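This report refers to the structure that appears directly beneath it.
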Amino acid sequence: MTPKGEESAAITLSERITGALVGAAVGDALGGPVEGYSPEQILERHGGRVHGIVGPWNGDAWRTARPIAPYHKGDGHITDDTLLTHALVRVYAQVRDHLDAYAIAEHLVPDLMTNPRWIPELETEALLLQRVFLAEKWLVARLHYGHVDPREAGVGNIVNCGAAMYMAPVGLVNAAHPTGAYTEALDIAGAHQSSYGREAAGVFAAAVAAACTPGATPDSVVTTCLSLAKDGTREAIERVCEVASGYSDFESALAPFREAVAPYDTVGPDYRSPSLAARRPSRLHAIEELPIALGMLVVADGDFRHAVLGSVNYGRDCDSIATMAGALAGALGSPVPEDWSKTVSEAGRLDLWEPATTLTQVTREIFERDVRRRRAHEQALTELGVPECSD
């Protein structure tokens with residue numbers, strides 16, 4: 001369950017960062033093996049809804065089975081959502097300050113290209129660049145080889161959730177400051193995405209920051225998102241969350257959620273056969289993943305298990321949906337099931353808790369630096385004749 005009232009207010013920054021990052025990884029691992037399929041296909045394949053970690057869709061034939069070979073999705077393996085989230089944490093650990101698009105070019109891109117790591121889905125050590133999909137390889141093509149201005153490099157890429165899916169660290173560094181998270185994520189995401197893909201990155205970071213606020217609730221997180229989101233992204237979130245308010249279980253909400261988001265989603269009804277308009281820039285549309293994740297958070301009243309399982313069983317791009325829902329529920333303080341996190345950590349040969357320890361320390365350093373910068377600004381304005389604010 002999600003802590004309420006005084007219990008929520010007592011959750012520390014470290015606990016929220018850990019909950020968000022571990023929760024995101026667990027959601028990612030649970031959603032991976034059913035990614036791309038419909039709720040009906042998931043129901044048939046598993047003889048019911050998915051209630052935990054499951055094996056690959058095609059069993060032992062995962063190496064050659066289409067359409068997603070050669071990735072071992074399942075058995076607790078994280079996907080590129082988590083790999084990129086941890087990569088962004090490493091960038092923060094290097095810079096130890098707020099990031100911008102130039103930091104992505106100077107630090108994230110070399111990390112993708114030069115540092116071999118264990119890739120669970122490939123069951124081998126490889127460059128992260130060899131695992132990510134074309135929309136993420138775009139970062140290397142544009143920034144390393146194309147020498148494009150980092151602030152504009154995302155223009156021309158397919159518009160998808162590629163930037164949004166790893167923006168939780170931005171929200172955590174800006175904990176309880178959603179506007180700051182939104183602004184920073186928009187800058188960072190400019191190197192990767194444009195249009196509603198970039199907007200979603202900003203709004204998701206803001207949602208995570210809002211979830212870190214003492215006493216936050218799913219409704220307060222959604223309210224924050226609506227205050228910042230623009231165009232189709234705002235409308236999609238509003239519509240899905242309106243629908244979510246009428247449900248308390250994910251099973252009943254699956255079809256209504258899809259119906260609510262469909263007018264804003266460009267991919268179309270068949271996830272593996274996108275429509276002609278799919279993933280093109282537009283002010284009228286939104287990525288599907290973020291509104292659904294927020295809707296699942298509302299249906300679950302912030303409970304981690306309920307929100308993540310609802311996201312997983314929704315299908316389609318459910319690893320990214322569950323990544324976002326898991327990060328938000330974890331940031332709110334809902335406990336991540338220990339058996340899930342232990343299995344995911346062991347299956348991926350990953351210490352899921354180390355990135356949280358690192359980011360907590362970096363966040364504290366950035367906050368101290370922000371305080372000094374703010375005080376210097378206040379002092380400068382005072383010297384310019386601006387009266388001090390009264391309490």
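The values are calculated or read from the model by the stated rules, or taken from the named source; none is laboratory data. For clarity, every value in this text was computed on a predicted model and none was experimentally measured. Reconstructed Cβ throughout: ideal geometry from the backbone, glycine too, with neighbour counts over all protein chains shown. These area figures cover heavy atoms from the full protein model, side chains too; ligands, DNA and RNA do not enter into them. Shrake-Rupley method; radii C 1.70, N 1.55, O 1.52, S 1.80 Å.
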Restricting things to alpha carbons, tell me how big region 98-172 is in terms of Rg and Dmax, in Å.
12.7, 35
Checking a compactness column here: for region 243-391, what do you get for Rg(Cα) / (2.2 N^0.38 Å), N being the number of residues?
1.44
With bins of 10 Å, the percent of all Cα-Cα pairs of region 54-122 per bin from 0 is 19, 38, 24, 16, 2
Please compute the net charge surrounding Gly76, taking Lys and Arg as +1 and Asp and Glu as -1 over other residues with Cβ under 12 Å from its Cβ.
-2
Ordered by number, the chymotrypsin sites (Phe, Trp or Tyr not before Pro) in region 300-366 that occupy a DSSP loop and have at most 16 other Cβ atoms within 10 Å are Trp353
With a cut-off of 8 Å between alpha carbons and a minimum separation of six or more residues, what is the relative contact order of region 185-235 in percent?
33
Rounded percent of accessible protein surface that carbon and sulfur make up, the chain, 1.4 Å probe
53
Tell me, what is the percent relative contact order of region 154-298, built from C-alpha pairs under 8 Å that lie six or more residues apart?
25
So how do 219-226, 92-99, 326-333 stack up, highest first, on mean other-Cβ count within 10 Å?
326-333, 219-226, 92-99
Taking region 88-218 and dividing mean pair separation by its residue count, relative contact order in percent (alpha carbons under 8 Å, at least six apart):
25
Around Val336 (Cβ within 13 Å, Cβ-to-Cβ, excluding Val336; K/R +1, D/E -1) the net charge comes to -2
Surrounding charge for Ile188, neighbours by C-beta under 11 angstrom, Lys/Arg +1, Asp/Glu -1, total -1
When only the heavy atoms of the protein chains count and the probe is 1.4 Å, how do Arg349, Arg374 rank by accessible area, highest first?
Arg349, Arg374
With N residues in the chain, Rg(alpha-carbon) / (2.2 N^0.38 Å) equals 0.93
With bins 10 Å wide starting at 0, give me the P(r) of region 57-181 over every alpha carbon pair, in whole percents.
12, 39, 34, 13, 2
Give me the Debye-computed log₁₀ of I(q)/I(0) at q = 0.12, 0.13, 0.20, 0.21 Å⁻¹ for region 20-98, equal point scatterers on Cα only, no solvent, two decimals.
-0.41, -0.47, -0.88, -0.94
Rg to Rh quotient for region 1-55, alpha carbon positions, Kirkwood Rh:
1.16
Taking θ = phi - 60°, what integer Hz values does the Karplus form 6.51 cos²θ - 1.76 cosθ + 1.60 yield along region 267-284, in sequence order, with x for Gly and Pro?
5, x, x, 9, 4, 8, 10, x, 6, 4, 8, 4, 6, 9, x, 6, 8, 9
Return one number: the angle in degrees, 0 to 90 and rounded to the nearest 10, between the long axis of the Cα atoms of helix 195-211 and the longest principal axis of the Cα atoms of the chain.
70
